[in-house]
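To start, the structure itself, in structure tokens.
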Amino acid sequence: MSWIQNTNTMKKGIFIVLLFIHRPTYSQSILTLDSIFSSVAYNNPQLKMYDAQIRSQDAAAAGARNWEPPQLSTGFWMTPYDPNLWKRQSNGSTGMGQYMVSVEQMFPNGKKQETEEKYMLAMSSVVKENKNTSLNELNAAAKQNYFEWVIIKKKLDILEQDQKLLDFMIRNAELRYQNNLGKVGAYYKAKASLGNLENSRLRFENEIVQKRIILNTLMNRDKTTWFDIDTSFEIKNYDSLIFDSSSLVNSRSDIRAIDKDIQLTSLQKDVEKSKLKPEFGVRYDNMFGFGGFPLQYSLMGVVKLPMAKWSSRSSKANVISLDWKAEALNQQRQMMINTATGMSFGLQTEIISKQKQIRVFEGKIIPALKRNFQSLLLAYEQNTEELFTLYDAWETLNITQLEYLDEIRQLLLMQVELERIREVK
């Protein structure tokens, strides 16, 4: 009679295990992927570094229309070495020598100032695009670790269900062995698998800690700050997506940065050419005469002629150098477009293939293995099947479920990589 009661208890345990659904523990600190993106964009020090560089260059552009400082000079002018000659002479003639104060001011070339201002105002545009490139890389790192965390949590859910199944198998095997109704051949394998599950659980929990540290680092927070994540995710369909160079140029900030750098090179050429334009100025001299010598002045125009052959070599050489720099940037731009397009097509093909494999897992393999396990579980309950067969069915189902989650993980990481290449948030 006691054996019948224990068997009935085991029957109830079977149905509890089959119907068991893991209930997640909700916390006040559950972060979504979008909230992590926001925190990274606002707090990451790498992005703040770019903000400081942008402000630095914009601040420097405010001085583009600067004038050269005035030059002030003073001293003796055409003065004899003999101080006696400075005085008025006995015959009534004036003394010799003068003391001069001179001021000179060069007037900037308006065209030159305009080109320099355009160049300096455009300098920060490259840094802005580089900041967007870094943000894209940081977001990709956040997505990768976030999705890996999601898969680990789903694996932990499977392990928890497996632990309950193995506990049931072990207790049932012990009961049957006590009543001489079962063999212990698979009993020890189940015990060992229970230990393996514990090791896997410890490994997965450690991986979650590492993911949390990485995400806290990306958000520039205390690395020990505890939080959990929302396990929802989206498998996107890229079957009909067309990858062309124009869409890449519009979406990729690093390519836009090269475009800005090419424009900056053109503006820098204009600055070098403007250095060959003449600049004008004025010089005023005022002389105080000695020994009754009358006050005198000099007012002269000044012109710089940088277009002279011996003074224009540097600017002309810089113009040629900038032409080659622009050519190098154009080739780099083409290389990046070519590489990104090829990688996009390759990832699209891999994603489509991986999605098909996952659909086979979901539609055929896992449902069939679950039905096989359930039928063997029922047969085991009715004492028409051995524990070894049930254990083997469970082990196959468990391995396949974990393999299925690994396939999901690979698909999500390929999706992250494609979105990184296409710079999709």
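For segment 241-299, go through all pairs of different Cα atoms, get the mean of 1/r, take its inverse, and jot down that Kirkwood value in Å.
Working: mean 1/r = 0.0582 Å⁻¹.
It works out to 17.2 Å.
Need one number for segment 42-137: average projected area of the convex hull over its C-alpha atoms, nm². Can you show the working numbers first?
Details: hull surface 44.9 nm².
If I average the Cα hull's projected area over directions, I get 11.2 nm².
For residue 317 paired with residue 392, estimate the spin-label separation in nm (one decimal), with each label point 7 Å from Cα along the Cα-to-Cβ line.
About 8.3 nm, to one decimal.
When a footprinting reagent is the concern and you count Cβ atoms within 10 Å, what order do 399, 214 take, fewest first? Present the calculation step by step, with values, prior to reporting the outcome.
Working: 399 11, 214 18.
The order, fewest Cβ neighbours first, is 399, 214.
Quick check: residue separation of residue 72 and residue 101 times 0.36 nm, minus the Cα distance between them. What number comes out in nm? List each step's numbers first, then the result.
Details: separation 29, 0.36 × 29 = 10.44 nm, distance 0.76 nm.
Full-extension gain reported as 9.7 nm.
I'd like to know how segment 66-222 sits against the 2.2 N^0.38 Å rule of thumb: what's its Cα Rg over that expected value?
Numbers: Rg = 45.1 Å, N = 157, 2.2 N^0.38 = 15.0 Å.
This ratio for segment 66-222 stands at 3.00.
To the nearest 20 debye, what is the magnitude of the charge dipole of the chain about its Cα centre, counting +1 on the Cβ of each Lys and Arg and -1 on the Cβ of each Asp and Glu?
Working: 54 positive and 48 negative charges, 121 e Å.
So the dipole magnitude of the chain works out to roughly 580 debye.
Which value, in Å³ per residue, describes the convex hull spanned by the Cα atoms of segment 132-263?
Numbers: hull volume 21.7 nm³, N = 132.
So the per-residue Cα hull volume is 165 Å³.
Quote to one decimal, in nm, the extra length available between residue 368 and residue 239 on full extension: 0.36 nm per residue of separation minus the C-alpha distance between them.
43.6 nm
So if each residue of separation counts as 0.36 nm, and I subtract the Cα-Cα distance between residue 345 and residue 406, what length gain in nm does that give? Working shown, then result.
Working: separation 61, 0.36 × 61 = 21.96 nm, distance 2.27 nm.
Taking residue 345 through residue 406 to full extension adds about 19.7 nm, to one decimal.
Could you list, in their original order, any pairs among 153/189; 223/325; 164/425; 118/236; 155/236 whose Cα atoms are separated by more than 32 Å? Spell out each step's value before the answer.
Values: 153/189 26 Å; 223/325 43 Å; 164/425 40 Å; 118/236 43 Å; 155/236 22 Å.
Over 32 Å Cα-Cα: 223/325; 164/425; 118/236.
Could you check the simple spin-label distance between residue 32 and residue 113, using points 7 Å along Cα→Cβ, in nm with one decimal?
A separation of 5.3 nm, rounded to one decimal place.
Averaged over all directions, how much area does the convex hull of the C-alpha atoms of segment 201-274 cover when projected, in nm²?
Reported value for the Cα convex hull: 10.1 nm².
Testing the spin-label approximation: label points 7 Å from Cα along Cα→Cβ at residue 41 and residue 55. State their distance in nm.
1.9
Ranking request for peptides 240-246, 264-270, 402-408, 276-282: highest mean number of other beta-carbon atoms within 10 Å first, then the rest in descending order. Please report the intermediate quantities before stating the final value.
Numbers: 240-246: 11.0, 264-270: 19.3, 402-408: 16.7, 276-282: 14.3.
Peptide ranking by packing, descending: 264-270, 402-408, 276-282, 240-246.
Just order 125-133, 47-55, 62-70 by mean Cβ neighbour count inside 10 Å, highest at the front, would you?
125-133, 47-55, 62-70
In Å, the Kirkwood hydrodynamic radius of segment 270-425 over pairs of distinct alpha carbons?
On the way: mean 1/r = 0.0410 Å⁻¹.
Evaluated over segment 270-425, this radius sits at 24.4 Å.
Could you please report the charge total around residue 393, scoring K, R as +1 and D, E as -1 over all other residues with beta-carbon less than 15 angstrom from its beta-carbon? Provide the component values of the computation, followed by the final result.
Working: positive: 189, 370, 371; negative: 162, 381, 385, 386, 392, 395.
Net charge around residue 393: -3.
What does the charge dipole of segment 50-120 about its Cα centre add up to, to the nearest 20 debye, if the Cβ of each Lys and Arg holds +1 and the Cβ of each Asp and Glu holds -1?
With Lys and Arg at +1 and Asp and Glu at -1, about 320 debye.
Just the number, please: Stokes-Einstein D of the chain in µm²/s, Kirkwood Rh from C-alpha pairs, 10 °C, 1.306 mPa s.
Values: Rh = 29.7 Å.
Once the numbers are plugged in, D ends up at 53 µm²/s.
Starting from the eigenvalues of the Cα gyration tensor, five times each then square-rooted, give me the equivalent ellipsoid semi-axes of segment 331-388, largest first, whole Å. Please report the intermediate quantities before stating the final value.
Working: eigenvalues 513, 17, 4 Å².
Values for segment 331-388, descending: 51, 9, 5 Å.
Could you please rank 227, 345, placing first whichever residue has the fewest other Cβ atoms within 10 Å of its Cβ? Can you show the working numbers first?
Numbers: 227 16, 345 12.
Ascending number of Cβ neighbours within 10 Å: 345, 227.
For residue 300 and residue 328, what is the calculated FRET efficiency with R₀ set at 51 Å and r taken between the beta-carbons, to the nearest 0.05?
Values: r = 47 Å, r/R0 = 0.91.
Step by step, r from the Cβ atoms, then E = 0.65.
Please report the Cα spread of segment 199-322 along all three principal axes, rounded to whole Å, starting with the longest.
107, 44, 23
Give the relative contact order (percent, whole number) for the chain; include only Cα pairs under 8 Å separated by 6+ residues. All intermediate terms of the calculation are to be shown ahead of the outcome.
Numbers: 504 pairs, mean separation 100.3, N = 425.
So the answer I get is 24 percent.
Order these by the 10 Å Cβ neighbour count, fewest first: 155, 164.
Numbers: 155 20, 164 16.
The most exposed by this proxy come first: 164, 155.
Using r as the Cβ-Cβ distance of residue 353 and residue 223, and R0 as 41 Å, what FRET efficiency do you calculate, to the nearest 0.05?
Numbers: r = 38 Å, r/R0 = 0.93.
So, using R0 = 41 Å, E works out to roughly 0.60.
Laboratory data are not the source of any read-out in this text; all were calculated from the coordinates shown. Note that the coordinates shown come from a computational prediction; the quantities given were computed from them, not determined experimentally. So basically every Cβ, Gly included, is an ideal-geometry build from the backbone, and we count neighbours across all protein chains shown.
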